[in-house]
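A quick write-up on the structure given underneath.
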Amino acid sequence: MARPVELLLLRNVENLGIVGDIVKVRAGYARNYLLPHALAEHPTDAKIEALKEARAKAMAELAAQRALREETIGKLTGVSIKLTRSCNDQGVLYGSITQRDIADALVAAGYPVDMRAVRLAAPFRRIGSYICTIQFDKELKADVTIDVTADRALEMLQAQKEADEAAAAVVAASEAEDREEAMSAPKGKRSRPSKD
């Protein structure tokens, strides 16, 4: 098995480090990606010293970016976004809601969210209400409610709403009947549950 290679980063590399960091990577990653793209080189004292200023600037940029992300996460807590899409009568979307759609809706609402920060297990394919996680770092995350609605009135939803209202009316009438019956029964003759 090949030994890790130690390299000095010349630029910020996501999920690896910032400019001026000395990192250990696999030989293939160094040979095939970092070195050909001039993202890293073998470390020397002179090169490390030359990158001190660039490293300080990168650290300041990262601190500013983290502050912006913390502020954004604070604002996102409890936010609800409404997306309207075309669908069939059963509520199945003709397309799907993806990370890009959610990120674009959040940016349009004034929240600077990159598509990579939107965490979805699978695209949304039906109308309804969903919870989506926005995560910048391990500890910087917030849940956002995504309401996917149809662009027209759906017969299925209208029928379901009417059925729910009818069921609620039946339950309410049954509960009122039970209360009346309990109040009208004499105190001594109220039925007791059997001990079977």
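All of the numbers you see were taken from the coordinates with simple rules; none came from a lab. Treat the numbers as computed from the prediction; the structure is a model and nothing was measured. All Cβ positions, even for glycine, are placed from backbone atoms using ideal geometry, and neighbour counts span all protein chains on display.
The table below lists the values:
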read-out: Tally, over segment 76-111, of residues that are in contact (Cβ under 8 Å) with a residue 12 or more places away in the chain and over 14 Å from the mean Cα position of the chain (by Cα); value: 13
read-out: Filter result (small (Gly, Ala, Ser) and either part of a loop (DSSP other than H, G, I, E, B) or closer than 30 Å to Ala27 by Cα (or both)) within segment 40-92; value: Ala40, Ala46, Ala50, Ala54, Ala56, Ala58, Gly78, Ser86, Gly91
read-out: Residue selected from segment 76-108 under the condition β-branched (Val, Ile, Thr) and within 13 Å of Cys132 (Cα to Cα), by the criterion surrounded by the most Cβ atoms within 10 Å (Cβ to Cβ); value: Ile102
read-out: Test: residue in segment 145-160 that is closer than 28 Å to Arg66 by Cα and either of a type in the set (Val, Ile, Thr) or out of contact with any helix residue (DSSP H, G or I) (no Cβ under 8 Å at 6 or more places or on another chain) (or both); value: yes
read-out: Selection count where residues are surrounded by 11 or more Cβ atoms within 10 Å (Cβ to Cβ) and more than 24 Å from Asp137 (Cβ to Cβ), scope segment 27-51; value: 13
read-out: Of all residues making up segment 46-62, the number that are without any contact (Cβ under 8 Å) to a residue 12 or more places away in the chain and closer than 23 Å to Ala103 by Cα; value: 1
